[in-house]
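The values are calculated or read from the model by the stated rules, or taken from the named source; none is laboratory data. Just so you know, these numbers come straight off a predicted model, no measurement behind them. For neighbour counting, all protein chains shown are included, and Cβ atoms are generated from backbone atoms with ideal geometry for every residue, glycine included. Ligands, DNA and RNA are stripped out before the accessible areas are found, and what is left, the full protein with its side chains, is counted by its heavy atoms. Shrake-Rupley method; radii C 1.70, N 1.55, O 1.52, S 1.80 Å.
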Amino acid sequence: MELVVALDLPQHDANLELARKIGRYPLWFKVGFRSYIRDGKALLKALKEINPDAKIFLDLKLYDIPNTMADAAEEIAALGVEMFNVHASAGKAAMQAVMQRLESFEKRPLVLAVTALTSFDDESFRAIYGAPIEQKASAFAVDAFESGLDGVVCSAFESAAIKEATNDRFITLTPGIRPFGEAAGDQTRVADIALAKAQQVDYIVVGRPAYKDPDPAAKVAAILEAIRA
Ligand code: C5P
């Protein structure tokens, strides 16, 4: 299992300070809407300068018509990041268009599909997608698998079922992780490391429990130790 730390802080410098504190550990940096919209390519470059081996997951959750998604995927691959994501609900044609467009890259990023946002509870999810989360998350994962993607973003609770429905090499990446039972915030389906392990999760995403900790480096070290235990 690998650790992905979300760089969701309100200032460029604060993200870089966090990255410097934790950058010596083997982990991924997740750059999402807030940071990418504000700091863009400069942030990606600065992260690679802090740690040339740092792996970057660009969490922009693409959702658009197939041609526009493929165009965006090509631009993202050209940035040299190691992972990005799209929404599975954009459909198989869009996901296939993305994977086809990336064929020309010698080294392409991993591509994951978002199944259900971890902030949904069952009722609010059903109101939009007309089906229970577990059922639809697995169906979206199968769509992504059949479209040639590398894996999905899902809650830790769905990981094992998704691997069962696809195969065990199909990546699961799970936000909503509260490593040692920290406050859930706006996340509804939160899980700790033990649950993520039991669910064969490949990558855990940790945001607030790491960057809001008074000692993020110590927190990251403790998480990595718990992952290896
Ligand atoms: O602070 P916290 O640990 O809840 O951060 C989770 C991170 O994962 C945030 O950056 C959030 O945008 C992201 N994310 C999520 N649920 C998804 C996909 C991404 O919470 N399904």
- Task: Please state which one of 186, 213, 192 is farther than 19 Å from residue 227 by Cβ, within 13 Å of the ligand (Cβ to nearest atom) and open to solvent by 30 Å² or more (accessible area, probe 1.4 Å).
- Result: 186
- Note on the structure: Out of (1) aromatic (Phe, Trp, Tyr); (2) surrounded by 15 or more Cβ atoms within 10 Å (Cβ to Cβ); (3) touching a residue at least 24 places away in the same chain (Cβ under 8 Å); (4) within 13 Å of the ligand (Cβ to nearest atom), the one residue 145 does not meet is (4)
- If residue 62 satisfies every condition in (1) in contact with a Lys or Arg (Cβ under 8 Å, 6 or more places away or on another chain); (2) within 16 Å of the ligand (Cβ to nearest atom) but one, which is the exception? (1)
- Screening 160, 221 for residues that are away from the ligand (no atom under 12 Å from the Cβ), modelled with pLDDT of 95 or more and over 15 Å from residue 3 (Cα atoms) leaves only 160
- Give the stretch 108-122 a look and list any residue that's modelled with pLDDT of 95 or more and over 16 Å from residue 60 (Cα atoms), or say none. 108
- Query: Name the residues in the stretch 171-183 that are more than 8 Å from the ligand (Cβ to nearest atom), touching an Asp or Glu at 6+ places or on another chain (Cβ under 8 Å) and open to solvent by less than 30 Å² (accessible area, probe 1.4 Å), would you?
  - Reply: 171, 172, 173, 179
